[in-house]
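Since the structure comes first, as structure tokens, the remarks are kept for the end.
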Amino acid sequence: MKKVILTAALAIAAIAGVKAQQEAMFSQYMFNQVFLNPAYAGTQSYISSTLLYRDQWTNWDGAPKTAVLSVDGPMANNTMGWGLSICNDRIGVNNNTDIYANYAYKIKFSEKTRLSFGIRAGGTFLNAQEPEIYWDGQNGGDPNMQPFRAFATRIGFGMFFNTERFYAGLSFPTLMAYVPKTKFNVDFTKTSFLRRHYFLQAGYIIKANDFLKIRPSFLMKYQTATVSPVQFDFNVHFLFNDKVWVGASYRTQDAVVGMIEFLINRRFRLGYAYDYKLQSVRYNYVGASHEFMLGFDFGRGLLKIKTPRYF
């Protein structure tokens, strides 16, 4: 009975989730940020790809599972950047897929100081199946749990400033959107279930010595029309001998995170994150979250790099 109740609750939450958190989030975003900010595309002088899988709340059947693939690189003599990002996010009866193309234009102030403006275009395939839930031996039949399919066209915008050791970014992943069979309005929140998200982020590399570098950073997430619209990630990472990143994050109103990333060689990166939920006791049974990342970098520009990527 407990399992049935949990599954039912998750199904209801999943339907409501279409109207709540609509941008997939993960813990290791600071190692490749093109999915959060299109202006990040082409920040490195080589082509960078990242594959990430997140298994959230492992003790809960139907809990969120997210897979992300992102690829980006420079073009036009590093004055522009391109990127592609694909994300599949599953929770309960929801199975949503985001596909975006990213473009960035860079203003160069010096050899290592740039301001980028980016745009992303694409959309989300939304697919919610009717759950098989039974109450007292009878099919629930809840009208709020009917199958739902749609494609939401989305356009996002971002800005990204970076030097060799500092970065700051502001992005609006969904600046404009349109859902078929709804009335178009510049303020799409009035005509559809979609909500705007705003991301503000910054980080800095501190060189303690030749063996140790420290990277404090933060990410502020703001979403309209929610009970708690603002959330912060406060992060600190340590880079040992330019080979291993070890770090931790505190996500307000949510969790603490431990992370590790191995720079296997110039091309391959391997990372893992462990999330432990901090909210009230009613979440204790959901379990922790595990996140795995594999990065692969390639291209001519990679051969010229003498130091590892810092962000």
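We did not get these values from a lab; they are worked out from the coordinates using the rules stated. Since the structure is predicted, the reported quantities are computational estimates derived from the model, not experimental observations. Note that each Cβ is placed from the backbone with ideal geometry, even for glycine, and that neighbours are counted across all protein chains shown.
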Pseudo-spin-label distance Ile99 to Glu164, built 7 Å along Cα→Cβ, given in nm, is 4.2 nm
Would you kindly state how much longer the chain becomes between Arg266 and Phe148 on full extension, computed as 0.36 nm times their sequence separation minus their alpha carbon distance, in nm to one decimal? 38.0 nm
Figure the gain on full extension for Tyr274 and Lys243 (residue separation times 0.36 nm, minus the Cα-Cα span) and round it to one decimal in nm. 9.2 nm
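Given 0.36 nm per residue, what is the gain on full extension from Ile305 to Thr224 after removing their alpha carbon distance, in nm?
On the way: separation 81, 0.36 × 81 = 29.16 nm, distance 4.10 nm.
Net length gain for the segment: 25.1 nm.
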For the pair Asn78 and Lys108, how long in nm is the line joining their label points, each one 7 Å along Cα→Cβ? 0.6 nm
Non-local amide H neighbours of Ala63 (under 5 Å, H modeled in plane, Pro and chain starts lacking H): which ones? Gly92
